[in-house]
Each structure stands twice: as structure tokens, then as C-alpha cells.
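Structure record follows, encoded as C-alpha cells.
The values are calculated or read from the model by the stated rules, or taken from the named source; none is laboratory data. Bear in mind that the values here come from a model prediction, so they are computed numbers and not experimental data. For the accessible areas, the whole protein counts, side chains as well, though only heavy atoms, and no ligand, DNA or RNA atoms are used. Shrake-Rupley method; radii C 1.70, N 1.55, O 1.52, S 1.80 Å.
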Amino acid sequence: MGKPKPDKTISYRIELQDKERELLSQLAFGYTFKNIATPIVDLMKDVSGMIVFASLLTYIGIKVDLTGVTSNSTMATIVGRIDDAISLTRQQDNLASVPGSFVNSFIDQLLGQDWKFSLDPFPSD
């Protein structure tokens, strides 16, 4: 015996007030931040990831001495070199050496994105 077709459709609408929208927005931001931060932290636990991070610091103007550093180096060696570079940069107040075009390009890319917050861990688009 088949299931009878419904003779009417009832739709329910849930409306959120400002406070609920703000809370939901904060929840979505936290979820998105966790999804971005977790792989970055996992990468930083690896020596190769720290070498990439040190290379990025060097690219933006904080000169990290990576001579003799390989994937077989210890994490303490790499972290020590990054710490030395940041300390030296602070002492010399050399952060002005960061290329302005790089910073402006990076900010423009961040602002130009069509950011969509979603609670779905696997969005379809």
C-alpha cells in the first residue's frame, strides 16, 4: 500500500533577533578559524613546516639564517634561529624593510575575497 500524497504544505519560519544573529556569526567565525588554524598548527609541529615558516618570515623582511638547516635538523635549532631573527629585527627596528607592495597586495587579497561563513565542514561550492 502506497503512502498518500500530502494535501497541503506547511512551512515554518525561524526568525533570529540581533543577539541570536551575533551569536551565530561568532559561532561560524570560530568554526572557520578552527578549520584554518588547525592545519597551520599541525604544519608548525613538523620541522619542514617550520622551515617553510622561517622562509616566509625571510620573505617579508625578517631575515632568518637558514644556512645548514635541513629537514633532519632539530626543531630547537629552527625555533632558535627564528627567535634570534625576530629579536635582531626588534633591536634594529627593521620591520620597515617589509616590502610595502607585498603588504598592500596581501591586504587587498584578504579584503577582496568573498568570505562565506558556513557551518558545513564540506561546502558544496
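Observations
- Largest to smallest accessible area among 34, 8 [probe 1.4 Å]: 8, 34
- Each residue was assigned an accessible area with a 1.4 Å probe, and for residue 86 the value is about 50 Å².
- For residue 34, the lysines whose Cα comes closer than 18 Å to its Cα, not counting residues fewer than 8 places off in the same chain, are 45, 116.
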